[in-house]
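Encoded as structure tokens, the structure appears first; notes follow it.
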Amino acid sequence: MRILLLFSFIALGNSGHLMAQSLCGQTAYLTYLEMLYPGFNEMAENTFFTALRESKIKTKKRQDTVFKVNVVFHIVYNNAQQNIDDSLVYSQLRVINDAFRRTNADTINTRDIFKPFAADAGIEFVMATQDPDGNPSNGIIRKETFRGTFGSNPTSLSAADLVKNGNVGSAPWDTDKYLNIWICDLSISGVDALLGYAYPPTGSANWTGNNSFASSERQGVVCHYKVVGENNPSSLATGSKTMVHEVGHYLGLRHIWGDGGCAVDDFMDDTPLARRASNGCNKGVNTCNEIIGGQFPDMLENYMDYSNEVCQNLFTNDQVAQMRTNMWMFRRGIYEEQIPLPEVIDAVLDETGVYPNPVVEGKLTIYLNSVDANATYDMTLYNLLGQPIFVWNLEAVPNQQIIGFLGLQGAYIYKIRQDGEQITTGKLLIGQ
Ligand SMILES: [Zn+2]
């Protein structure tokens with residue numbers, strides 16, 4: 001859970017820093033869950049260490065498989081501002097996918113000393129194309145609520161978690177099959193103090209669905225609507241990595257300083273010890289001496305730190321192993337291992353069209369026949385509900401390649417236009 005450093009700053013009379021710094025209060029949510037389900041924390045700890053042990057043993061043979069996670073977004077709103085546009089959701093999805101595939105442009109900012117530790121998690125997040133009953137869906141649910149905010153003063157996670165209640169907010173889709181992400185107002189007394197929180201993996205051989213820990217209706221991620229997507233009109237200027245951080249918690253990661261001093265670790269061997277959360281983007285800070293190995297500065301590039309989000313650009317190898325192990329041990333139903341794609345026939349088209357189809361590796365080549373160099377061309381991708389998802393402005397050249405399909409799977413419709421007039425349309429398959 002991320003909470004802005006609200007109360008301390010108010011106490012210091014220094015609210016000017018409020019919007020620049022965010023904090024996570026994951027422990028507050030765990031405390032709340034422990035209150036609801038006594039013994040919860042012990043179970044979550046056992047789960048964490050079980051995954052940690054397994055990650056050392058088995059991950060290597062699984063590291064090449066891409067896990068595709070079906071995601072459903074619940075936008076729970078009380079007014080138009082909270083009812084954020086689809087484009088912000090898609091933009092957020094791209095940020096998450098870039099982070100978990102390490103395809104984000106700002107990986108160039110990873111310091112050399114940390115580059116050997118930075119890893120591609122091999123996890124992709126795709127919009128659900130079917131609801132639990134098999135009906136077509138675009139993966140976005142909109143639900144109006146009578147509640148102005150799900151934040152409360154004093155901070156209460158029981159109030160926030162009402163967003164997952166079908167009578168007040170939006171009931172989850174089967175949390176064993178979908179990653180549910182709720183987007184709502186989490187402001188507290190008009191202040192953006194709570195940015196998000198996530199439910200950690202829990203489960204073990206002796207934890208069945210029949211005991212008091214079974215809380216499937218709560219599993220998922222909740223984010224404040226102001227931190228979703230790039231160029232969010234309500235942006236808190238913290239970047240759009242809050243959800244990356246929360247999905248990290250959902251997949252079992254801890255904060256890299258272990259929520260304690262130098263003697264408390266996050267149990268990831270490749271995240272340096274840190275005395276506390278980073279603040280800002282000061283790359284010169286080293287708050288702890290490493291016990292073994294060389295000395296490293298604090299890793300403020302890590303998504304699981306509290307550094308400014310513009311400085312965050314990596315997960316480490318051990319974090320990746322932990323998340324992937326948690327997935328195949330405790331969240332097995334929410335992903336599909338990527339099915340090998342059919343062999344690509346490098347087709348040569350003689351009329352305007354696209355290839356390969358299905359799209360391979362997120363790239364698509366577009367062939368335009370009889371190009372008019374003075375014309376404007378674009379291509380729009382629609383889901384099967386007829387809703388536009390992306391528009392690409394095309395070059396007036398015969399062959400060009402476009403990218404940007406991460407997060408999409410299944411069947412779509414494309415339309416290519418010349419000067420606003422449709423010149424061709426067809427079905428486009430992605431990742432199937
Ligand atoms: Zn956190």
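The values are calculated or read from the model by the stated rules, or taken from the named source; none is laboratory data. Keep in mind that this is a model prediction, so the values were computed, not measured. Cβ coordinates were reconstructed from backbone atoms using ideal geometry, including for glycine residues, and neighbour counts include every protein chain displayed.
What to note about this one:
- Condition check for Lys283: more than 16 Å from the ligand (Cβ to nearest atom), closer than 21 Å to Gln312 by Cβ and modelled with pLDDT of 90 or more: no
- Those residues of segment 257-299 which are closer than 21 Å to Asp112 by Cβ and among the basic types (Lys, Arg), in sequence order: Lys283
- In segment 5-48, the residue that is modelled with the highest pLDDT out of those that are β-branched (Val, Ile, Thr) and within 16 Å of the ligand (Cβ to nearest atom) is Thr31.
- Taken together, the criteria exclude Arg276 from residues that are farther than 18 Å from Asn180 by Cα and modelled with pLDDT of 90 or more.
- Checked against (1) out of contact with any strand residue (DSSP E or B) (no Cβ under 9 Å at 6 or more places or on another chain); (2) within 16 Å of Arg94 (Cα to Cα), Leu381 meets all criteria but (1).
- Boolean, Ala121 is touching a helix residue (DSSP H, G or I) at 6+ places or on another chain (Cβ under 6 Å) and either among the acidic types (Asp, Glu) or in a helix (DSSP H, G or I) (or both): no
- Residues in segment 225-278 that are basic (Lys, Arg) and in contact with a helix residue (DSSP H, G or I) (Cβ under 8 Å, 6 or more places away or on another chain): Lys241, Arg254.
- Scanning segment 209-231 for residues that are assigned to a loop (DSSP other than H, G, I, E, B) and either at pLDDT 90 or above or within 14 Å of the chain's Cα centre (by Cα) (or both) gives Gln219, Gly220, Val228, Gly229, Glu230.
- Pairs with Cβ under 9 Å, 6+ apart, first in segment 113-126 and at positive phi, second assigned to a strand (DSSP E or B) and of a type in the set (Phe, Trp, Tyr): Gly122/Phe67
- Residue match in segment 59-80 (condition: modelled with pLDDT of 85 or more and out of contact with any strand residue (DSSP E or B) (no Cβ under 8 Å at 6 or more places or on another chain)): yes
- Cβ-Cβ under 9 Å pairs, at least 6 apart or on other chains, segment 243-263 side touching a residue at least 40 places away in the same chain (Cβ under 8 Å) and on the phi > 0 side of the Ramachandran plot, far side more than 8 Å from the ligand (Cβ to nearest atom) and not in a helix (DSSP H, G or I): Gly252/Pro200; Gly252/Pro201; Gly252/Arg331; Asp259/Asp266; Asp259/Ala277
Residue-by-condition table, conditions (1) among the basic types (Lys, Arg); (2) more than 16 Å from the chain's Cα centre (by Cα); (3) within 12 Å of the ligand (Cβ to nearest atom):
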residue: Ser240; (1), (2), (3): no, no, no
residue: Met243; (1), (2), (3): no, no, yes
residue: Val247; (1), (2), (3): no, no, yes
residue: Trp257; (1), (2), (3): no, yes, yes
residue: Asp266; (1), (2), (3): no, yes, yes
residue: Thr271; (1), (2), (3): no, yes, no
residue: Ser278; (1), (2), (3): no, yes, no
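- Answer from Ile75, Ile96 - the residue that is in the same structural domain as Asn313 (by TED's automatic domain parsing), surrounded by 19 or more Cβ atoms within 10 Å (Cβ to Cβ), within 18 Å of Trp182 (Cβ to Cβ) and in contact with a helix residue (DSSP H, G or I) (Cβ under 7 Å, 6 or more places away or on another chain): Ile96
- Subset of segment 124-146 [buried (at least 18 other Cβ atoms within 10 Å of the Cβ) and over 20 Å from Phe390 (Cα atoms)]: Thr145
- Residues of segment 327-339 include at least one that is closer than 30 Å to Thr50 by Cβ, in a loop (DSSP other than H, G, I, E, B) and modelled with pLDDT of 80 or more.
- Exactly one residue out of Asn138, Asn167 is in the same structural domain as Gly333 (by TED's automatic domain parsing), part of a loop (DSSP other than H, G, I, E, B) and free of Cβ contacts under 8 Å to residues at least 60 places away in the same chain: that is Asn167.
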